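Here the structure is laid out as structure tokens; the discussion comes afterwards.
The values are calculated or read from the model by the stated rules, or taken from the named source; none is laboratory data. On a predicted model such as this, the values are computed, not experimentally measured, just so you know. We place every Cβ from the backbone using ideal geometry, glycine too, and count neighbours over all the protein chains shown.
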Amino acid sequence: MSLVWSFKTKRYCVSLYVEQEQNYRYDGEDCDGAIQRALDRGELVAFESSVIIERDGVEVARDSLCGSVYEFGNVHEFWTAHRKSPGGHYFPDMVRSAARAARKEKMKIAC
């Protein structure tokens, strides 16, 4: 996986990694097969993404999503589009989900 975004604090690092899914078979609504044909031609790209939170260099939480499909060359919109229009974006939700899991893990360590 390739690191495409990260945010660091003194003890924590929140990172987004993406990896293209080769030979992906589109499983969404595609009545005429146009989306799958665009994937096969490379006009669209399918990828897996993982938000990973590390505390002092050790992974404490992760949230992953497979099967995201974007136009070739616009994969960055997965983690940037929420800045332009609020709501309905997976990336901020993934960060929140991983952060909740990291907080739960922190509580286990503290007890």
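Identify all residues within region 1-17 that are in a loop (DSSP other than H, G, I, E, B) and hydroxyl-bearing (Ser, Thr, Tyr); write none if there are none.
In the first step, residues of region 1-17 are kept if they are in a loop (DSSP other than H, G, I, E, B); the result is 1, 9-11.
Of everything in region 1-17, just one residue is in a loop (DSSP other than H, G, I, E, B) and hydroxyl-bearing (Ser, Thr, Tyr), namely THR9.
Among the residues of region 51-64, are any loosely packed, with under 12 Cβ neighbours inside 10 Å and more than 18 Å from ALA98 (Cα to Cα)?
Of region 51-64, the ones loosely packed, with under 12 Cβ neighbours inside 10 Å are 56-58.
Retained after the next criterion (residues that are more than 18 Å from ALA98 (Cα to Cα)): none.
The answer is no; no qualifying residue exists.
Hey, among the residues in region 73-90 that are in contact with a strand residue (DSSP E or B) (Cβ under 7 Å, 6 or more places away or on another chain) and of a type in the set (A, V, I, L, M, F, W, C), which one's nearest to SER15 (Cα to Cα)?
TRP79
Would you confirm, using the coordinates I've provided, whether GLU105 is among the acidic types (Asp, Glu), touching a strand residue (DSSP E or B) at 6+ places or on another chain (Cβ under 9 Å) and in contact (Cβ under 8 Å) with a residue 24 or more places away in the chain? Walk me through it before giving the result.
Working: among the acidic types (Asp, Glu): yes; touching a strand residue (DSSP E or B) at 6+ places or on another chain (Cβ under 9 Å): yes; in contact (Cβ under 8 Å) with a residue 24 or more places away in the chain: yes.
Considered against the rule, which asks whether it is among the acidic types (Asp, Glu), touching a strand residue (DSSP E or B) at 6+ places or on another chain (Cβ under 9 Å) and in contact (Cβ under 8 Å) with a residue 24 or more places away in the chain, GLU105 comes out as yes.
Determine the pairs where a residue that is more than 13 Å from GLU71 (Cα to Cα), located within region 31-43, has a partner that is aliphatic (A, V, I, L, M) and not in a helix (DSSP H, G or I) with Cβ atoms under 8 Å apart, the partner being 6 or more residues away or on another chain.
Going by the 8 Å Cβ cut-off, there are no qualifying pairs.
Considering only residues that are touching a helix residue (DSSP H, G or I) at 6+ places or on another chain (Cβ under 9 Å) and of a type in the set (Asp, Glu), which ones fall in region 26-47?
Start the filter on region 26-47 by keeping residues that are touching a helix residue (DSSP H, G or I) at 6+ places or on another chain (Cβ under 9 Å), which leaves 26, 28-30, 43-47.
Hits for region 26-47 are GLU29, ASP30, GLU43.
A quick yes/no check of all residues on (1) of a type in the set (S, T, N, Q); (2) surrounded by 14 or more Cβ atoms within 10 Å (Cβ to Cβ); (3) at pLDDT below 95:
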{"position": "SER68", "(1), (2), (3)": "yes, yes, no"}
{"position": "ARG83", "(1), (2), (3)": "no, no, yes"}
{"position": "PRO86", "(1), (2), (3)": "no, no, yes"}
{"position": "PHE91", "(1), (2), (3)": "no, yes, no"}
{"position": "ALA98", "(1), (2), (3)": "no, yes, no"}
{"position": "GLU105", "(1), (2), (3)": "no, yes, yes"}
{"position": "LYS108", "(1), (2), (3)": "no, no, yes"}
